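Below is one structure, written out as structure tokens; the observations come after it.
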Amino acid sequence: MPELNPDELGARLRADEDDVLVLDIRHQADYDEWHIPDSVNVDVYDELQDDPEMAGDVLEDLPEEKEIVTVCAAGVVSQTATDVLREMGYDAATLTDGMNGWSRVHRSASVQADLDGTLVQVARPGKGCLSHVLISDGEAAVFDPSHYLDEYDAILEEHDADLVGVFDTHAHADHVSGGAELAERHDVPYYLHPKDALAIDATPVEDEATIEVGNVDVDVIHTPGHSEGSVSFDLEGEALLTGDTLFHESVGRVELGVEAGIEESDVEANAATLYESLQRLLDRPDDAVVLPAHDPGSPEPPVTATLGDVKAQNADLNRDREEFIETLASDIPDHPPNFERVKRTNVGQEDVPDEELSELELGPNRCAAE
């Protein structure tokens, strides 16, 4: 069965090749919720399961000059689609593991920041997740890693750097953190604020603490609201790692910890807390590069914006305190898939088997308030 692995597809899409058509055969509702950018949806999922010949009638108008890459959730039903298309004379292949495989793709690029070292952004286009690796004077720190640890080890090896610490800005609700495991693999501290390290072994980070990585000072700013233990990291006033507190065009939502049953606060209180946290970040230099932990689209690294640009384009920052609280507490978007279990896993209250992690994360990123 001809297959195309997700990394190969990602490279071809990144190169903007026009000889490939990504065909998503899932139900339209599933496609509308989460899909590969520029893919085409033809909802023949039921036909492919019940009567593949009927699917052929629907698929006959696809362009013959392009390679067709079929996609479903896990790469099973899409294999039937590939069989049907090849029998019709199309050049077709199946995306290995479907959207699950696409969720595993990672890309990296350097971030321009005036630091005594190198800052690398790692993006997961299928999840909208962003993590960062700071390298300075032979030492390295990883911030908000996914659980695909080899991606980070490859960067450490490329830069010949020794990992000295792993940091999470908070206990994430959309993806399972690899922070504790990566730290254990390298026998270094795993840093997480005590308010989020409910049942997990972590080295506590406290407000206004400074941690040195090579020649770079990493200053801790406690910025709760999205999560009680949310922190941001100020890299010498040049870069702000804002986690899910501040995005380029939105802010973190405030109800996930409450609804997951791990916070005793309420949504209005969290919104008020987040407002105050944002004021602390807005006092930083306007030319500092804002580096959140997510981007709502399919991020192509580096995803960056100066704090001055974020102030100008982010409507949430232009609301007064009362309007801000009312808006965030009342306008609740759809939740990230399985957010309760993901959140409990990241605070150490639930242990998910390795073979279930990818499926648990499967779906769109929804950690922004809008």
Looking at LEU13, is it closer than 24 Å to ARG104 by Cβ, modelled with pLDDT under 90 and open to solvent by less than 70 Å² (accessible area, probe 1.4 Å)? yes
Select from the range 119-142 the residues that are surrounded by fewer than 24 Cβ atoms within 10 Å (Cβ to Cβ), among the charged types (D, E, K, R) and in a strand (DSSP E or B) and list them in ascending order. GLU139
Flagged in the range 192-244 as of a type in the set (S, T, N, Q) and within 17 Å of SER131 (Cα to Cα), in numbering order, are SER230, SER232, THR242
Residues of the range 160-177 satisfying the condition of being within 18 Å of LEU291 (Cβ to Cβ) and assigned to a loop (DSSP other than H, G, I, E, B): ASP168, THR169, HIS170, HIS172, ASP174, HIS175, SER177
Scanning the range 220-247 residue by residue, those over 23 Å from ALA272 (Cβ atoms) and either open to solvent by 50 Å² or more (accessible area, probe 1.4 Å) or touching a helix residue (DSSP H, G or I) at 6+ places or on another chain (Cβ under 7 Å) (or both) turn out to be GLU236, GLU238
In this structure, does THR94 turn out to be of a type outside the set (A, V, I, L, M), open to solvent by 30 Å² or more (accessible area, probe 1.4 Å) and modelled with pLDDT of 95 or more? no
Do you know which residues across the range 182-212 are within 22 Å of HIS147 (Cα to Cα) and not in a loop (DSSP other than H, G, I, E, B)? LEU182, ALA183, GLU184, ARG185, HIS186, TYR190, TYR191, THR203
Pick out, from the range 245-337, the helices (runs of 4 or more DSSP H) lying fully within it that include 3 or more residues that are of a type in the set (D, E, K, R). 267-282, 321-330
Working only within the range 346-370, note down all residues that are among the acidic types (Asp, Glu) and open to solvent by less than 20 Å² (accessible area, probe 1.4 Å). GLU361
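The values are calculated or read from the model by the stated rules, or taken from the named source; none is laboratory data. Note that this is a predicted model, so its numbers are computed, not measured. Reconstructed Cβ throughout: ideal geometry from the backbone, glycine too, with neighbour counts over all protein chains shown. Surface areas here come from the heavy atoms of the whole protein model, side chains and all, with no ligands, DNA or RNA. Shrake-Rupley method; radii C 1.70, N 1.55, O 1.52, S 1.80 Å.
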